[in-house]
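One structure is given here, and the rest of the page talks about it.
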Amino acid sequence: MHRRLLAALAAGALLLSACGDDDAGNAGSGDDEYVEAMAESMQRDDDLPFADEDIDCLADEFVDALGGAERLEEDGITPEDLRSEDGLDELGLEMGQEEADGIAASFGSCDVSLAELVLSEAGDDVPPEVRDCVEENLDEDVLADFFATVLVDEETGDEPPAELLEPLMACF
């Protein structure tokens, strides 16, 4: 079961990187179109367990973390591209550690739980007591660091840090 939760975390990171990105609150009005496009893309994704207002906040933060409209335009990415089913990798956007850290920090900025994303990816087979344990014991900062690392290097998901594994193991 714990391997399934870790796989869910990695899947969640990849799932979000497959969405277009957005930012309107921290950037200029040119970012608005990108933020709207990112939010639309994320809202169409039935696997994301977030309310529309959380998605709007995340989209805004994500676009900012990616460098805003200016960077996306420089990389040849349009708002329409973000609305597509293509992930950021497929659109040609290279994400470094700084961008990944910014995306991971977006969850805290928007008061959105990464543990909720992990649990939603793990599916309905996770018993309620395990869900409660994970939500109570998993450190969101450690989870965000791991999430950012997986965004940059998918293979990292195969070897999660002890500070992530220990709380998960305590739940089983």
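Given the criteria exposed (fewer than 14 other Cβ atoms within 10 Å of the Cβ), modelled with pLDDT of 85 or more, closer than 26 Å to GLU61 by Cβ and among the acidic types (Asp, Glu), does ASP141 qualify? Outline the logic, then answer.
Values: exposed (fewer than 14 other Cβ atoms within 10 Å of the Cβ): yes; modelled with pLDDT of 85 or more: yes; closer than 26 Å to GLU61 by Cβ: yes; among the acidic types (Asp, Glu): yes.
Taking the combined requirement at face value, the residue satisfies it.
Being more than 23 Å from ALA51 (Cα to Cα) and either surrounded by 18 or more Cβ atoms within 10 Å (Cβ to Cβ) or of a type in the set (A, V, I, L, M, F, W, C) (or both) is the filter here, so list the residues in the range 82-129 that pass it.
Passing the criteria: LEU91, LEU93, MET95, GLU99.
Would you please list the contacts, defined by Cβ atoms under 6 Å and residues six or more apart or on different chains, that run from a residue in the range 109-134 that is within 19 Å of ASP145 (Cα to Cα) to a residue that is basic (Lys, Arg)?
Final answer for the pair search is LEU119/ARG131.
Could you check, for the range 59-68, whether at least one of its residues is free of Cβ contacts under 8 Å to residues at least 24 places away in the same chain, farther than 21 Å from GLU163 by Cα, in contact with a Leu (Cβ under 8 Å, 6 or more places away or on another chain) and buried (at least 22 other Cβ atoms within 10 Å of the Cβ)?
So in the range 59-68, the residues free of Cβ contacts under 8 Å to residues at least 24 places away in the same chain come out as none.
The answer is no, given that none of the residues of the range 59-68 is free of Cβ contacts under 8 Å to residues at least 24 places away in the same chain, farther than 21 Å from GLU163 by Cα, in contact with a Leu (Cβ under 8 Å, 6 or more places away or on another chain) and buried (at least 22 other Cβ atoms within 10 Å of the Cβ).
Identify the residue in the range 101-142 that is of a type in the set (Gly, Ala, Ser) and part of a loop (DSSP other than H, G, I, E, B) and, among all such residues, is nearest to ALA162 (Cα to Cα).
Of the residues in the range 101-142, the ones of a type in the set (Gly, Ala, Ser) are 102, 104-106, 108-109, 113, 115, 120, 122-123.
Right, trim to part of a loop (DSSP other than H, G, I, E, B) and you get 113, 123.
Working: SER113: 20, GLY123: 23 Å.
Filtering the range 101-142 for residues that are of a type in the set (Gly, Ala, Ser) and part of a loop (DSSP other than H, G, I, E, B), the one nearest to ALA162 (Cα to Cα) comes out as SER113.
Please specify each residue of the range 149-164 satisfying the condition of being surrounded by fewer than 16 Cβ atoms within 10 Å (Cβ to Cβ) and either in a helix (DSSP H, G or I) or touching a residue at least 60 places away in the same chain (Cβ under 8 Å) (or both).
First pass over the range 149-164, keeping only residues surrounded by fewer than 16 Cβ atoms within 10 Å (Cβ to Cβ): 153-155, 158-159, 161-163.
Selection gives GLU154, GLU155, ASP158, ALA162, GLU163.
With respect to ASP86, determine if the residue is assigned to a loop (DSSP other than H, G, I, E, B), under 19 Å from ASP153 (Cα atoms), at pLDDT below 95 and not β-branched (Val, Ile, Thr). Give the derivation first.
On the way: assigned to a loop (DSSP other than H, G, I, E, B): yes; under 19 Å from ASP153 (Cα atoms): yes; at pLDDT below 95: yes; not β-branched (Val, Ile, Thr): yes.
Criteria met by ASP86.
The values are calculated or read from the model by the stated rules, or taken from the named source; none is laboratory data. Not measured: the values here are computed from a predicted model. Note: ideal-geometry Cβ built from the backbone for every residue, glycine included; neighbour counts use all protein chains shown.
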